[in-house]
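Working notes, structure below.
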Amino acid sequence: MPERRTVALVTLGCARNEVDSEELAGRLEADGWQLVEDAEEADVAVVNTCGFVEAAKKDSVDALLEANDLKGHGRTQAVVAVGCMAERYGKELAEALPEADGVLGFDDYADISDRLQTILNGGIHASHTPRDRRKLLPISPAERQDSAAAVALPGHGPADLPDGLAPASGPRAPLRRRLDGSPVASVKLASGCDRRCSFCAIPSFRGSFISRRPSDVLNETRWLAEQGVKEIMLVSENNTSYGKDLGDIRLLESLLPELAEVDGLERVRVSYLQPAEMRPGLIDVLTSTPKVAPYFDLSFQHSAPDVLRAMRRFGDTDRFLELLDTIRSKAPQAGVRSNFIVGFPGESAADLAELERFLNHARLDAVGVFGYSDEEGTEAATYDRKLDEDVVAERLARVSRLAEELVSQRAEERVGETVHVLVESVDETEGVYGRAAHQAPETDGQVLLTSGEGLAVGRMVEAKVIGTEGVDLVAEPLFQGSPAWSEEAGR
């Protein structure tokens, strides 16, 4: 009997890429590939790249080169690039990086097994020619669902598959295979984006916005809960637009309570919200539904009106602060995070001061700050009034220092609060760590529990915050035998 083919998936970038990798893993395992964790133990190393900003692209290239170094020293025979960077650059990436034995775009995902086998056999699969994926779907959102079947949408694999195609549990098994044992998993709510932010290239290679059907999202969530997942995080480029192509822009408000009722699930989290699209009804559902985290990942990007207009965005400091006041009037413990770009073309000293005014009043739990740099193919790359690199670097350092100080102060405000912590790691030496409702995976800090007695990964524990370590919290478990969730403590 021939030795089984082995493949390792190396994932970079955001949670959306993690979902895509697990779909690729499901396709490969269903076709007989053995999934391994370490690239050096794989016949083929598949690197799921990120193509968002220069630092992420550099990390992707480094990961491809690192995997290539394994060839000739162990089992690895081929290195293949997939993901956003591969989709965005295609042949250009293949020519610039001959170390990659293949550069596959989203259109190759449905045939990923055949593509890898061809490459492993020494054949060549032509790298795709990049195209503007916004042009693949109708301009009108209402007409998109009928065309979706003909367009590659990573992470949108059907949630009801023929017997034997998916490796796991029965009729609800999606085209997905979990790559770790984490009690947290992301679920794609939609793909693409219809917004035209002047600094962002994502719509050009991820395409126009298209929602997944609620039944697919629900079935995948049920399957994940059967696999032991306790928290799901809904991801897309813009969750506030969910349902607009299905005829109901308020579809998220009705879907969230249904997801919260899935057996075995302890928490539902929504990421990627656009401030300009926040609706009173959505705020109400996010702040009042048991098991739905009162968590707001709001993409502010800046708060000075002139900069926001140049970014093709909407809002200002006072309107953003009013939005935060509305949220906290309904859920005082609500978590809020955001990202900001400093040094945008034309940003004045007064604009920077306005952003600092917003940060000082916003009481954000987590803040990401990025210095502006041109992204090819974007409108902002053509703008005049570019700031010198040293000015951008100085502003980045200045706002980053302020943000670090402010999120630490916000963490200190939580001392004395009761939080629900999902345990994610238990180690005799390092202690027990988890996350509260206001903390998303990997981005927003964590909670160190002072006692690990009776706790295991995946347990939801009620705890009182007694201290802080920067953005992180220190909390004391209250009742080891208490129910996993109570509405009063969850709000």
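Structure notes:
- The order of ARG328, ARG5 by accessible area, most exposed first and with a 1.4 Å probe, is ARG5, ARG328.
- Note on the stretch 392-482: Cα-only Rg and Dmax are 14.6, 52 Å.
- Separation between Cα centres of the stretch 175-244 and the stretch 74-114, rounded to whole Å: 23
- In the context of the full set of protein chains, residues of the chain present 42 Å² of accessible surface per residue (probe radius 1.4 Å, heavy atoms only).
- For the chain, with +1 on Lys and Arg beta carbons and -1 on Asp and Glu, the positive-most of ILE210, ILE466, ALA353 along the dipole: ILE210
- FRET efficiency for ASN360 and ALA397, using Cβ-Cβ distance with R0 set to 22 Å, rounded to 0.05: 0.80
- For the chain, a simple Cβ point-charge model (Lys and Arg +1, Asp and Glu -1, everything else neutral) yields a dipole of about 1300 debye relative to the Cα centre.
- Of the two radii for the chain, the radius of gyration is 0.96 times the Kirkwood radius, both from the alpha carbons; that is the Rg over Rh value.
- Label-to-label distance, nm, for residues given as LYS464 and ASP59 (7 Å Cα→Cβ offset): 3.8
- With all protein chains in place and a 1.4 Å probe, the accessible surface of the chain carries 48 percent carbon and sulfur.
- Cysteines without a disulfide-compatible neighbour (Cβ-Cβ under 4.7 Å), the chain: CYS14, CYS50, CYS84, CYS193
- Among the DSSP helices (H) of the chain, those spanning at least 24 angstrom by Cα along their long axis with an average Kyte-Doolittle hydropathy of -1.0 or more are 389-413; this is a geometric and hydropathy rule only.
- Cut-off 12 Å between beta-carbons: net charge of the residues surrounding SER113, Lys and Arg +1, Asp and Glu -1: -2
- For the stretch 325-382: relative contact order, % (alpha-carbon pairs under 8 angstrom, 6 or more apart): 44
- Packing-based ranking, highest mean first, of 177-185, 19-27, 100-108, 382-390 given that Cβ atoms within 10 Å are counted: 19-27, 100-108, 177-185, 382-390
- Using the average count of surrounding beta-carbon atoms within 10 Å as a protection proxy, the listed peptides 209-219, 431-441 rank, highest first, as 431-441, 209-219.
- Under 5 Å, built H, 5+ apart or other chain: amide partners of VAL369: PHE340
- At 1.567 mPa s and 4 °C, Stokes diffusion of the stretch 347-407 via Kirkwood alpha-carbon radius, µm² per second: 101
The values are calculated or read from the model by the stated rules, or taken from the named source; none is laboratory data. Because the structure is predicted, anything quoted here is derived from the model rather than measured. Glycine gets a Cβ as well: all are built from the backbone with ideal geometry, and neighbour counts include every protein chain shown. We work out accessible area using only protein heavy atoms, side chains counted, and drop any ligands, DNA or RNA first. Shrake-Rupley method; radii C 1.70, N 1.55, O 1.52, S 1.80 Å.
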